[in-house]
1. Considering only residues that are touching a helix residue (DSSP H, G or I) at 6+ places or on another chain (Cβ under 7 Å) and away from ligand 2 (no atom under 16 Å from the Cβ), which ones fall in segment 55-91?
2. Sort out which residues of segment 69-88 are crowded, with 17+ Cβ neighbours inside 10 Å and away from ligand 1 (no atom under 16 Å from the Cβ), and write them in order of number.
3. I'd like the full set of residues that are modelled with pLDDT of 95 or more and closer than 25 Å to LYS153 by Cβ, limited to segment 191-204.
4. When residues of segment 118-132 are filtered for being away from ligand 2 (no atom under 16 Å from the Cβ), surrounded by 19 or more Cβ atoms within 10 Å (Cβ to Cβ) and under 14 Å from the mean Cα position of the chain (by Cα), how many remain?
5. Do we have any residue at all in segment 140-157 that's among the basic types (Lys, Arg) and within 16 Å of ligand 2 (Cβ to nearest atom)?
6. Mind counting the residues in segment 33-54 that are more than 16 Å from ligand 2 (Cβ to nearest atom), in a strand (DSSP E or B) and surrounded by 15 or more Cβ atoms within 10 Å (Cβ to Cβ)?
7. May I ask you to list pairs of residues, at least six apart or on different chains, whose Cβ atoms are under 9 Å apart, with the first in segment 185-203 being free of Cβ contacts under 8 Å to residues at least 60 places away in the same chain and the second being among the aliphatic types (A, V, I, L, M) and more than 15 Å from ligand 2 (Cβ to nearest atom)?
Amino acid sequence: MGVDNKADRIKRMKVPAVDAALADRVPPGQVLTERFPILHEGEVPEYDMSAWTLRIFGEIEEEKTIRYDELLALPMTEVVCDIHCVTRWSKLDTAWEGVRFRDLLQALNIRPQGKYVMLHADSDYETNVPLEDLLGDDILLAMKYDGVPLTPKHGWPLRLIVPHLYFWKSPKWIRGIEFMKEDREGFWERNGFHNTADPFEEQRFSGEALPIPEDEWVRKEFD
Ligand SMILES: Nc1nc2c(c(=O)[nH]1)N[C@H]1C(S)=C(S)[C@@H](COP(=O)(O)O)O[C@H]1N2
Ligand SMILES: [Mo]
């Protein structure tokens, strides 16, 4: 209790409220960016969309090949989320639209032993995530960013968004989803990155060293 003057109100409400809200959302060791960095290995792929497919295979009763127009016919979901790259940038309130991973799974007969997933992408990229991590409301096979189709550099025509893990677990240009009995390491996971990759636990690397190639830190392109 006490005198409720203007100075007190500002101290109490404004500054601490904003700081506390951001502190909650920015994982340790991360820096916020307003721009949208572009990071990947290899070339930005070019597609003939009449030949484009998403292949679903491994521990599934019957292997499936899905065309882009079939994906577009599924219910669309919007997700607004924060993203966190292992190279220390985070971006708040990114807005995506696409098919919820869980909704795609519904139409598929995944075998119960298929507990791990390898996400296969162009150009020669793959990353592994446990199936359990892909069942949430905010796990999206995204086709749009900020209300318009993804740009080629950010993953058009299809990218997976896994907001609660470091962004290397969100493959651009995804082309295949493989269900596996046992976990297997993807590209960065084989190259020293952490298998789980929870940014709030700061699970960047699997060892002491920082095995990120120099160009991953210095090569910076933005939208
Ligand atoms: N196909 C593919 N997806 C990828 C990568 C890649 O090299 N190839 N890099 C990952 C990494 S390390 C990051 S930080 C994000 C960057 O996504 P952005 O360029 O849209 O910011 O894509 C991820 N997805
Ligand atoms: Mo990254």
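1. LEU74, PRO75
2. Within segment 69-88, LEU71, THR77 qualify.
3. Correct list: ALA197, PRO199.
4. Final tally of qualifying residues: 2.
5. Yes, that holds for at least one residue.
6. 1
7. From residues that are free of Cβ contacts under 8 Å to residues at least 60 places away in the same chain, the pairs are GLY192/ALA209.
The values are calculated or read from the model by the stated rules, or taken from the named source; none is laboratory data. Because the structure is predicted, anything quoted here is derived from the model rather than measured. Here Cβ is always computed from backbone atoms with ideal geometry, including for glycine, and neighbour counts include all displayed protein chains.
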